[in-house]
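Peer 1: Attaching a single structure in C-alpha coordinates format; questions to follow.
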Amino acid sequence: MMDVDEKWQTIAGQRTVLADVLTGLSDRDLDRPSLCARWRVRDVAAHVALTPCSPGLPRILASALRARGDFDEVNRTSAVGHAERLGPALAGELRAVASSRRRPAITTVDNLLFDTIVHVQDVAVPLGVEVDVPPEGAREGADRVWRMGWPFWARRRLRGLELAATDTDWMRGYGEPVRGPIRDLLFLLTGRTEAALPGLHGAGVRHLASHP
(Lines give C-alpha, C1' and ligand atoms only; values in the text may rest on other atoms or scores of the structure.)
Protein backbone atom coordinates (compact mmCIF):
# COMPACT_ATOMS: atom_id res chain seq x y z
CA MET A 1 0.00 0.00 0.00
CA MET A 2 1.09 3.56 -0.65
CA ASP A 3 1.70 5.88 2.28
CA VAL A 4 0.28 9.40 2.40
CA ASP A 5 3.46 11.05 1.05
CA GLU A 6 3.54 8.66 -1.92
CA LYS A 7 -0.10 9.46 -2.70
CA TRP A 8 0.55 13.20 -2.67
CA GLN A 9 3.67 12.75 -4.79
CA THR A 10 1.63 10.82 -7.35
CA ILE A 11 -1.03 13.54 -7.38
CA ALA A 12 1.66 16.19 -7.93
CA GLY A 13 3.17 14.16 -10.76
CA GLN A 14 -0.21 13.74 -12.46
CA ARG A 15 -0.96 17.46 -12.23
CA THR A 16 2.38 18.15 -13.92
CA VAL A 17 1.66 15.55 -16.61
CA LEU A 18 -1.68 17.22 -17.28
CA ALA A 19 0.05 20.59 -17.60
CA ASP A 20 2.43 19.05 -20.15
CA VAL A 21 -0.50 17.66 -22.14
CA LEU A 22 -2.17 21.08 -22.25
CA THR A 23 0.94 23.02 -23.23
CA GLY A 24 0.65 24.33 -26.77
CA LEU A 25 -2.93 23.18 -27.36
CA SER A 26 -5.15 25.33 -29.55
CA ASP A 27 -8.45 26.72 -28.31
CA ARG A 28 -10.15 24.17 -30.55
CA ASP A 29 -8.41 21.30 -28.74
CA LEU A 30 -9.13 22.82 -25.33
CA ASP A 31 -12.81 22.98 -26.27
CA ARG A 32 -12.99 19.32 -27.31
CA PRO A 33 -15.41 17.17 -25.31
CA SER A 34 -13.59 15.24 -22.58
CA LEU A 35 -14.58 11.76 -21.43
CA CYS A 36 -16.83 13.49 -18.84
CA ALA A 37 -20.26 14.26 -20.27
CA ARG A 38 -20.79 18.03 -20.78
CA TRP A 39 -17.18 18.81 -19.71
CA ARG A 40 -14.67 20.26 -22.17
CA VAL A 41 -10.97 19.41 -21.97
CA ARG A 42 -10.28 22.84 -20.45
CA ASP A 43 -13.04 22.35 -17.85
CA VAL A 44 -11.59 19.06 -16.60
CA ALA A 45 -8.12 20.58 -16.40
CA ALA A 46 -9.48 23.60 -14.54
CA HIS A 47 -11.25 21.30 -12.08
CA VAL A 48 -7.91 19.61 -11.30
CA ALA A 49 -6.23 23.01 -10.91
CA LEU A 50 -9.04 24.27 -8.69
CA THR A 51 -8.86 21.41 -6.19
CA PRO A 52 -6.24 23.02 -3.88
CA CYS A 53 -8.19 26.29 -3.95
CA SER A 54 -11.47 25.06 -2.50
CA PRO A 55 -13.85 27.89 -1.50
CA GLY A 56 -14.61 26.19 1.83
CA LEU A 57 -17.44 24.03 3.10
CA PRO A 58 -20.09 26.77 3.62
CA ARG A 59 -19.76 28.03 0.03
CA ILE A 60 -19.73 24.47 -1.33
CA LEU A 61 -22.94 23.65 0.53
CA ALA A 62 -24.55 26.91 -0.60
CA SER A 63 -23.67 26.09 -4.20
CA ALA A 64 -25.09 22.58 -3.77
CA LEU A 65 -28.36 24.03 -2.50
CA ARG A 66 -28.60 26.31 -5.53
CA ALA A 67 -27.93 23.28 -7.76
CA ARG A 68 -30.58 21.26 -5.89
CA GLY A 69 -28.02 18.78 -4.60
CA ASP A 70 -26.36 18.14 -7.96
CA PHE A 71 -22.68 18.11 -6.95
CA ASP A 72 -21.58 17.31 -10.49
CA GLU A 73 -23.21 20.53 -11.63
CA VAL A 74 -21.56 22.43 -8.74
CA ASN A 75 -18.17 21.10 -9.83
CA ARG A 76 -18.81 21.76 -13.51
CA THR A 77 -19.95 25.33 -12.98
CA SER A 78 -16.91 26.09 -10.83
CA ALA A 79 -14.58 24.48 -13.35
CA VAL A 80 -16.05 26.34 -16.32
CA GLY A 81 -15.65 29.65 -14.50
CA HIS A 82 -12.07 28.84 -13.50
CA ALA A 83 -11.21 27.78 -17.04
CA GLU A 84 -12.55 31.02 -18.47
CA ARG A 85 -10.68 33.11 -15.89
CA LEU A 86 -7.36 31.36 -16.52
CA GLY A 87 -7.53 31.10 -20.31
CA PRO A 88 -4.05 30.31 -21.70
CA ALA A 89 -2.59 30.36 -18.17
CA LEU A 90 -4.25 27.03 -17.30
CA ALA A 91 -1.14 24.87 -17.78
CA GLY A 92 0.92 27.29 -15.69
CA GLU A 93 -1.67 27.19 -12.91
CA LEU A 94 -1.49 23.39 -12.82
CA ARG A 95 2.28 23.53 -12.44
CA ALA A 96 1.99 26.20 -9.73
CA VAL A 97 -0.38 24.10 -7.60
CA ALA A 98 1.10 20.69 -8.45
CA SER A 99 2.75 20.10 -5.08
CA SER A 100 -0.01 21.69 -2.98
CA ARG A 101 -1.51 19.38 -0.36
CA ARG A 102 -4.56 21.49 0.29
CA ARG A 103 -7.84 19.76 -0.41
CA PRO A 104 -11.56 20.48 -0.16
CA ALA A 105 -13.11 19.72 3.23
CA ILE A 106 -15.50 17.22 1.69
CA THR A 107 -12.88 14.90 0.19
CA THR A 108 -9.79 12.85 1.14
CA VAL A 109 -6.35 12.25 -0.32
CA ASP A 110 -7.54 8.77 -1.40
CA ASN A 111 -10.35 10.34 -3.41
CA LEU A 112 -8.02 12.94 -4.90
CA LEU A 113 -5.60 10.21 -5.95
CA PHE A 114 -8.00 8.34 -8.22
CA ASP A 115 -9.78 11.54 -9.25
CA THR A 116 -6.58 13.14 -10.54
CA ILE A 117 -5.37 9.99 -12.30
CA VAL A 118 -8.69 9.49 -14.07
CA HIS A 119 -9.07 13.15 -15.02
CA VAL A 120 -5.67 13.14 -16.73
CA GLN A 121 -7.01 10.33 -18.90
CA ASP A 122 -10.32 12.18 -19.41
CA VAL A 123 -8.24 14.83 -21.17
CA ALA A 124 -5.55 12.73 -22.83
CA VAL A 125 -7.75 10.09 -24.48
CA PRO A 126 -9.96 12.46 -26.53
CA LEU A 127 -6.84 14.34 -27.60
CA GLY A 128 -5.22 11.12 -28.79
CA VAL A 129 -2.32 11.56 -26.36
CA GLU A 130 -0.94 8.40 -24.79
CA VAL A 131 -0.33 8.91 -21.06
CA ASP A 132 0.56 5.97 -18.86
CA VAL A 133 -1.21 5.71 -15.53
CA PRO A 134 1.03 5.33 -12.45
CA PRO A 135 0.46 1.63 -11.64
CA GLU A 136 0.54 1.82 -7.84
CA GLY A 137 -1.66 4.90 -7.78
CA ALA A 138 -4.11 3.35 -10.22
CA ARG A 139 -4.28 0.17 -8.15
CA GLU A 140 -4.91 2.16 -4.97
CA GLY A 141 -7.49 4.22 -6.83
CA ALA A 142 -9.31 1.14 -8.08
CA ASP A 143 -9.46 -0.19 -4.52
CA ARG A 144 -10.89 3.09 -3.25
CA VAL A 145 -13.60 3.25 -5.91
CA TRP A 146 -14.48 -0.40 -5.28
CA ARG A 147 -14.93 0.29 -1.54
CA MET A 148 -16.99 3.46 -1.85
CA GLY A 149 -20.67 3.78 -2.64
CA TRP A 150 -21.79 7.15 -4.03
CA PRO A 151 -21.27 8.35 -6.70
CA PHE A 152 -20.09 5.28 -8.63
CA TRP A 153 -21.70 2.33 -6.78
CA ALA A 154 -19.13 0.10 -8.49
CA ARG A 155 -19.67 -3.08 -6.45
CA ARG A 156 -23.43 -2.92 -6.99
CA ARG A 157 -23.25 -1.85 -10.62
CA LEU A 158 -20.68 -4.52 -11.51
CA ARG A 159 -22.17 -7.36 -9.44
CA GLY A 160 -21.70 -10.75 -11.12
CA LEU A 161 -18.37 -9.81 -12.71
CA GLU A 162 -14.79 -10.69 -11.74
CA LEU A 163 -12.49 -7.81 -12.60
CA ALA A 164 -8.76 -8.44 -12.95
CA ALA A 165 -5.96 -6.22 -14.22
CA THR A 166 -3.54 -7.62 -16.77
CA ASP A 167 -0.73 -5.16 -16.01
CA THR A 168 -0.71 -5.07 -12.19
CA ASP A 169 -1.82 -7.19 -9.26
CA TRP A 170 -5.49 -6.28 -8.77
CA MET A 171 -8.63 -8.43 -8.75
CA ARG A 172 -12.09 -7.82 -7.30
CA GLY A 173 -15.58 -9.29 -7.61
CA TYR A 174 -16.97 -12.71 -8.47
CA GLY A 175 -18.56 -14.02 -11.65
CA GLU A 176 -17.93 -13.69 -15.36
CA PRO A 177 -14.37 -12.54 -16.05
CA VAL A 178 -13.50 -9.05 -17.25
CA ARG A 179 -9.80 -8.55 -17.96
CA GLY A 180 -7.78 -5.54 -19.06
CA PRO A 181 -5.24 -2.87 -18.09
CA ILE A 182 -5.82 -1.13 -14.76
CA ARG A 183 -6.49 2.13 -16.65
CA ASP A 184 -9.47 0.63 -18.44
CA LEU A 185 -10.74 -1.00 -15.25
CA LEU A 186 -10.57 2.42 -13.59
CA PHE A 187 -12.65 3.79 -16.47
CA LEU A 188 -15.17 1.03 -15.88
CA LEU A 189 -15.27 1.50 -12.11
CA THR A 190 -15.85 5.25 -12.44
CA GLY A 191 -18.67 4.88 -14.97
CA ARG A 192 -16.69 5.53 -18.16
CA THR A 193 -17.86 2.24 -19.69
CA GLU A 194 -17.74 3.33 -23.33
CA ALA A 195 -14.10 4.40 -22.97
CA ALA A 196 -13.25 1.20 -21.08
CA LEU A 197 -14.73 -1.40 -23.44
CA PRO A 198 -12.10 -1.33 -26.24
CA GLY A 199 -9.39 -2.32 -23.76
CA LEU A 200 -11.30 -5.10 -22.00
CA HIS A 201 -11.86 -8.76 -22.80
CA GLY A 202 -13.49 -11.79 -21.22
CA ALA A 203 -16.97 -13.30 -21.04
CA GLY A 204 -18.26 -10.45 -18.86
CA VAL A 205 -17.61 -7.82 -21.51
CA ARG A 206 -20.75 -8.88 -23.39
CA HIS A 207 -22.78 -7.99 -20.29
CA LEU A 208 -21.07 -4.60 -20.03
CA ALA A 209 -21.75 -3.80 -23.67
CA SER A 210 -25.46 -4.49 -23.24
CA HIS A 211 -25.74 -2.68 -19.87
CA PRO A 212 -23.61 0.46 -20.23
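Peer 1: List, please: which pairs have Cβ atoms under 9 Å, are six or more places apart or on different chains, and start with a residue in the stretch 24-51 that is open to solvent by 50 Å² or more (accessible area, probe 1.4 Å) and end with one that is in a helix (DSSP H, G or I) and aromatic (Phe, Trp, Tyr)?
Peer 2: Partner pairs satisfying both residue conditions: 35/187.
Peer 1: Something else: Please determine whether any residue of the stretch 127-145 is over 13 Å from the mean Cα position of the chain (by Cα), within 21 Å of residue 36 (Cβ to Cβ), among the acidic types (Asp, Glu) and at pLDDT 95 or above.
Peer 2: yes
Peer 1: Pick from 203, 165: which is open to solvent by less than 60 Å² (accessible area, probe 1.4 Å) and within 20 Å of residue 121 (Cβ to Cβ)?
Peer 2: Of the residues listed, the single one that is open to solvent by less than 60 Å² (accessible area, probe 1.4 Å) and within 20 Å of residue 121 (Cβ to Cβ) is 165.
Peer 1: Shifting gears a bit: Looking at the stretch 1-50, which of its residues are closer than 20 Å to residue 139 by Cα, out of contact with any Ser or Thr (no Cβ under 7 Å at 6 or more places or on another chain) and of a type outside the set (Val, Ile, Thr)?
Peer 2: Matches in the stretch 1-50: 1, 2, 3, 5, 6, 7, 8, 9, 13, 18.
Peer 1: So which residues in the stretch 178-190 are open to solvent by less than 50 Å² (accessible area, probe 1.4 Å) and either in contact (Cβ under 8 Å) with a residue 24 or more places away in the chain or not in a helix (DSSP H, G or I) (or both)?
Peer 2: 178, 180, 181, 182, 185, 186, 187, 188, 189, 190
Peer 1: So is residue 155 without any contact (Cβ under 8 Å) to a residue 24 or more places away in the chain, out of contact with any Ser or Thr (no Cβ under 9 Å at 6 or more places or on another chain) and part of a helix (DSSP H, G or I) or not?
Peer 2: Against the criterion (without any contact (Cβ under 8 Å) to a residue 24 or more places away in the chain, out of contact with any Ser or Thr (no Cβ under 9 Å at 6 or more places or on another chain) and part of a helix (DSSP H, G or I)), residue 155 qualifies.
Peer 1: Which of the residues that make up the stretch 4-23 are open to solvent by less than 80 Å² (accessible area, probe 1.4 Å) and acidic (Asp, Glu)?
Peer 2: 5, 6
Peer 1: Sticking with this structure for a sec: Here are the criteria: (1) in a loop (DSSP other than H, G, I, E, B); (2) of a type outside the set (Asp, Glu); (3) touching a residue at least 24 places away in the same chain (Cβ under 8 Å); (4) open to solvent by 60 Å² or more (accessible area, probe 1.4 Å). Tell me which single one residue 174 does not satisfy.
Peer 2: Single failed check for residue 174: (3).
Peer 1: Could you run through the stretch 1-17 and say how many residues are in a helix (DSSP H, G or I), farther than 20 Å from residue 46 by Cα and more than 15 Å from the chain's Cα centre (by Cα)?
Peer 2: Final tally of qualifying residues: 3.
The values are calculated or read from the model by the stated rules, or taken from the named source; none is laboratory data. Treat the numbers as computed from the prediction; the structure is a model and nothing was measured. Glycine also receives a Cβ, built like all others from the backbone with ideal geometry; neighbour counts cover every protein chain displayed. Note: areas computed on protein heavy atoms with side chains; ligands, DNA, RNA excluded. Shrake-Rupley method; radii C 1.70, N 1.55, O 1.52, S 1.80 Å.
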